[in-house]
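Student: After the structure tokens below, expect a handful of questions from me.
The values are calculated or read from the model by the stated rules, or taken from the named source; none is laboratory data. Not measured: the values here are computed from a predicted model. Here the Cβ is made from the backbone with ideal geometry for all residues, glycine too, and neighbour counts use every protein chain on show. For the accessible areas, the whole protein counts, side chains as well, though only heavy atoms, and no ligand, DNA or RNA atoms are used. Shrake-Rupley method; radii C 1.70, N 1.55, O 1.52, S 1.80 Å.
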Amino acid sequence: MSNGDQLPDRTLDILFGPGEEARKTLIRAWLDEGINAMGPSNETAQMTVRDALHKRLEWNNPVLDKLPEAYALLATPSGILPPLGVKNIVEHPAKVAHRACRLANQNASGTSWYTQRAAIAAIYAAAELHQLTSPATATRFLDGLLEANDRASNAASDVLTFGNYIGRSWLAIARSKGLLP
Amino acid sequence: MVKEVFSSVASKYDVMNDAMSMGVHRLWKDEFVSLLKPGSTRVGKVTRCIDVAGGTGDIALRILDYAREKKADRDLVVDLVDINPEMLKEGQKRFRKTMYHGTPQVAFHVGNAQELGQERFPDNTYDIYTIAFGIRNCTDIPAVLREAHRVLKPGGVFACLEFSKVTQPALASMYESYSFSVIPLLGTIMAGDRASYQYLVESIRRFPSQEDFSRMISDAGFEVGEPEDGGAWRNLWGGISAIHTGVKVA
């Protein structure tokens, strides 16, 4: 625009949304940039979920003091109902988790696609919350959570395998006794 | 055809609008102008507005009143353009009852929205371009949008208030039967002219949907919001009418 005049309110309202919507648009754009920044610096490099989440936490570092206000604004509803912008609260860690899984080529299928992303989203959300209060220990906290998650999912699949084995053994016993055909 | 329809309806246009929308068109126009926030609190800054197919001056008057009442702005100017001299005469008659008559704040021009003319309406002149319930009567809508883009300054705002597609299916069928039976009947009773009002109703039906129209605005070079209600357009009364906006960025 010519002669350095500030854009009038009406132009900003139409470009970015009226009132608080404009600030929300800016925050959402920043969050989207954060998702893009999770990618590898080198095209050919292979990433893990851990690397991707670390990069995303790093993205927060320059603006940590402003984040609580930004998230509070996103959670503020635009209309009267619903009383809280739940979609905005839930969407952010979900997008981060999805991007991390894509970057790490985690190609789960079926219900594990959802459970994996839900777990990573929850881990990331907890790590980010931790980062807001204690930035120095955030990455260690994230690593701890990811390890616990791996152990838990290994344990869960071990339980499943063992349970399967027990179940088939009982079936075999029942057949040998003539209780089942 | 368009000229004849509007010559016929000119003198009773506002009364018929009241009957057709049960007075609601006034609310829509109020909201339309409030959205634009015309005027500036900076003394001496001249906000230039052009209201096309402005006819009877509904929007122009609201713009001037908004600037005066909300921003204490008496420098804003509105160029009111219409293809139909009779509609303009109605506008001038209405303005004679207001404080803006005889001031440089309002000027009336006969002109074609599709080709305003470089001489009278040079490039990069206006801060706000409005067209309310007029664009559906233009045969070449992209030409209107191109002209709007031409005459607006960078940072200038394009705003269009128009009847649109009702999105709710139940409301849509009720509205359709209302439009095609009640409105031409009212035209016959109140204005003695069924054909013109039948034309008006059909022109509403032919007009593109909200999304298609916002795409046309974007194709003309405007920056528009997200293609959803609340973004590139704002539905009024379930989509009976809609306000489309765009910004000229360069």
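Student: Among the residues of segment B:50-80, what is the count of those that are within 15 Å of the chain's Cα centre (by Cα), of a type in the set (A, V, I, L, M, F, W, C) and open to solvent by 10 Å² or more (accessible area, probe 1.4 Å)?
Tutor: 2
Student: For B:Lys153, only one of the following conditions fails: (1) more than 14 Å from chain A (Cβ to nearest Cβ); (2) in contact (Cβ under 8 Å) with a residue 12 or more places away in the chain; (3) open to solvent by 30 Å² or more (accessible area, probe 1.4 Å); (4) more than 19 Å from B:Ala232 (Cβ to Cβ). What is its number?
Tutor: (1)
Student: Which of the residues that make up segment A:82-114 are of a type in the set (Val, Ile, Thr) and modelled with pLDDT of 85 or more?
Tutor: Taking segment A:82-114 and keeping what is of a type in the set (Val, Ile, Thr), we get A:86, A:89-90, A:96, A:111.
Scanning segment A:82-114 gives a single hit, A:Val96.
Student: Within the group A:Leu64, A:Leu74, A:Leu26, A:Leu31, which residue is within 30 Å of B:Thr41 (Cα to Cα), aliphatic (A, V, I, L, M) and modelled with pLDDT of 80 or more? Full working, then the answer.
Tutor: Working: A:Leu64 fails: within 30 Å of B:Thr41 (Cα to Cα); A:Leu74 fails: within 30 Å of B:Thr41 (Cα to Cα); A:Leu31 fails: within 30 Å of B:Thr41 (Cα to Cα).
After ruling out the rest, the residue left standing is A:Leu26.
Student: Determine whether segment B:218-234 contains at least one residue that is touching a Ser or Thr at 6+ places or on another chain (Cβ under 8 Å), under 22 Å from B:Lys29 (Cβ atoms), among the hydrophobic types (A, V, I, L, M, F, W, C) and open to solvent by 20 Å² or more (accessible area, probe 1.4 Å).
Tutor: Checked against the condition, which is being touching a Ser or Thr at 6+ places or on another chain (Cβ under 8 Å), under 22 Å from B:Lys29 (Cβ atoms), among the hydrophobic types (A, V, I, L, M, F, W, C) and open to solvent by 20 Å² or more (accessible area, probe 1.4 Å), segment B:218-234 yields at least one hit.
Student: Would you confirm whether any residue within segment B:71-86 is within 24 Å of B:Glu162 (Cα to Cα) and in a helix (DSSP H, G or I)?
Tutor: yes
Student: Follow-up question, since we're still on this one. With respect to B:Leu200, determine if the residue is surrounded by fewer than 18 Cβ atoms within 10 Å (Cβ to Cβ), more than 22 Å from A:Thr25 (Cβ to Cβ), away from chain A (no Cβ under 13 Å) and modelled with pLDDT under 85.
Tutor: no
Student: Another one. Being in a helix (DSSP H, G or I), among the polar types (S, T, N, Q) and in contact (Cβ under 8 Å) with a residue 40 or more places away in the chain narrows it down to one of A:Thr139, A:Thr115, so name that one. Step through it out loud before you land on a result.
Tutor: Values: A:Thr115 fails: in contact (Cβ under 8 Å) with a residue 40 or more places away in the chain.
Going through A:Thr139, A:Thr115 in turn, the sole match is A:Thr139.
Student: Let me ask another. If I ask for residues that are among the hydroxyl-bearing types (Ser, Thr, Tyr) and assigned to a helix (DSSP H, G or I), which ones from segment B:43-66 would you list?
Tutor: B:Tyr66
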